[in-house]
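The block underneath contains the structure these notes are about, expressed in structure tokens.
The values are calculated or read from the model by the stated rules, or taken from the named source; none is laboratory data. Worth saying up front: this structure is predicted, and the values here are computed from it rather than measured. Using ideal geometry, Cβ is built from the backbone for each residue, glycine included, and neighbour counts are taken over all protein chains shown. These area figures cover heavy atoms from the full protein model, side chains too; ligands, DNA and RNA do not enter into them. Shrake-Rupley method; radii C 1.70, N 1.55, O 1.52, S 1.80 Å.
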There are 2 protein chains.
Amino acid sequence: MPWDTARTRERLLEAGSRQFAATGFAGTSVADIGRDSGVNKERLYAYFGSKREFFDHVLAYRLDGLLDDLDVPGTGPEAVGAWAGLLWDRYVADPDIARLLAWEGLELDGPAAAAHRTSACAEVTRRLQDVLPTADEQAARHLLLSVITLVTGAWTLSGLAALVTPADDRNDRRAATVRHAVVLARAVQTP
Amino acid sequence: MPWDTARTRERLLEAGSRQFAATGFAGTSVADIGRDSGVNKERLYAYFGSKREFFDHVLAYRLDGLLDDLDVPGTGPEAVGAWAGLLWDRYVADPDIARLLAWEGLELDGPAAAAHRTSACAEVTRRLQDVLPTADEQAARHLLLSVITLVTGAWTLSGLAALVTPADDRNDRRAATVRHAVVLARAVQTP
DNA sequence: CTAGGGTCCAACCGATCAGTTGGTATATGG
DNA sequence: CCATATACCAACTGATCGGTTGGACCCTAG
């Protein structure tokens, strides 16, 4: 049976993603990751140096590229709403991503893989300006930040929804979030 | 020297608030709380039972009542923006609150002290309907949830702001958040 | 074929974890 | 003034933490 070191690395990163998303950096033990991955934890130190460096690798592995293949479909404010819906559905398909974003914000000083992610955000900002021709860059950036915050917050500040909208389910909130994204986009378009 | 058990309890809760806000439930040790409070950690078990129960007490101690003395000043959509600014300024005065909200969402299944906080949110919802007469309850609830999410997210998803609006500071984002709250309120008022 | 380096793992290390215990100091009821 | 209950703390316990080590196994260069 031949070795597949790339696969071993990947199994560690996948298990790390699951465990860190569930219980955060401090709440996850290296032994947990070894158990979940089926890989001896010593490999983690050989490949990634330390638990902390491994955390950075996991965040980069899962968060870098999050926005890259997320297109803004169509034009006008409705396209921004649709984009918010796409981001929401990505979290539905993989809820770990939203939680990793939240742990990153709480447990780290700054974002991981900042260089590429910053330019990816700038890219989406430009697309928003295409879609909303009268929007200046500053306004488009804050629009983007608010939309990402609304969508991500629905997954990471989940207790708030239970308090404020106790009768509603996820889909109700999805619809409201898309609607709010459209409203914010419309306001940017016509100042 | 007489005893002051209420004060001892309070010192534990204050230290727990600081420590849990900084590093979360899993990232805080009971010894940290003992050190920070100047109280022997055995007292924590005597008063609160376990680390986990103590965490619930700390969350209730700091989060219950958060919205109680936060008035919606004036009328119309601008009042909602002003309310968002008041909430923001409360986080400025005490950033621990925003972080505790985030840890609660990530590390707990549901909100602490749910009963009173739910009714406090319903209260604010009613105030929003006073201020925006044409808003139905459902819309007012989602407006409130979005505003709280935007303000709280600015403190807990702080890495996002560094990526999306790297040139801006806190006050720029405060202004944008207030503006967005007004826009959302205006849309609710005139559907 | 074999020497040497990389892959992998069980077992181990000191430190730290949540939680407890035994004992002392302080209050209070009679 | 004494008995008892409570507040308090230093020191302890077994378990688990992040990280390391010694050696077995596998692959490739010469």
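Some observations on this one:
- Against the list (1) over 29 Å from residue A:63 (Cα atoms); (2) more than 7 Å from every other protein chain (Cβ to nearest Cβ), the condition residue B:175 fails is (1).
- Total residues in the stretch A:135-163, condition open to solvent by 30 Å² or more (accessible area, probe 1.4 Å) and touching a Ser or Thr at 6+ places or on another chain (Cβ under 7 Å): 2
- Residues within the stretch A:37-70 that are in contact (Cβ under 8 Å) with a residue 40 or more places away in the chain, within 16 Å of DNA strand C (Cβ to nearest atom) and not in a helix (DSSP H, G or I), tallied: 0
- Restricting the first member to the stretch B:72-83 and to residues that are assigned to a loop (DSSP other than H, G, I, E, B), and the second to residues that are at pLDDT below 95, no beta-carbon pair is closer than 6 Å while six or more apart or on different chains.
- Which listed residue, of B:16, B:34, B:24, is assigned to a helix (DSSP H, G or I), within 16 Å of DNA strand D (Cβ to nearest atom), at positive phi and at pLDDT 95 or above: B:24
- Selected residue [under 17 Å from residue A:26 (Cβ atoms) and open to solvent by less than 50 Å² (accessible area, probe 1.4 Å)] from A:82, A:112: A:112
- Taking the criterion of being at pLDDT below 95 and polar (S, T, N, Q), the residues of the stretch B:105-163 that qualify are B:134, B:158.
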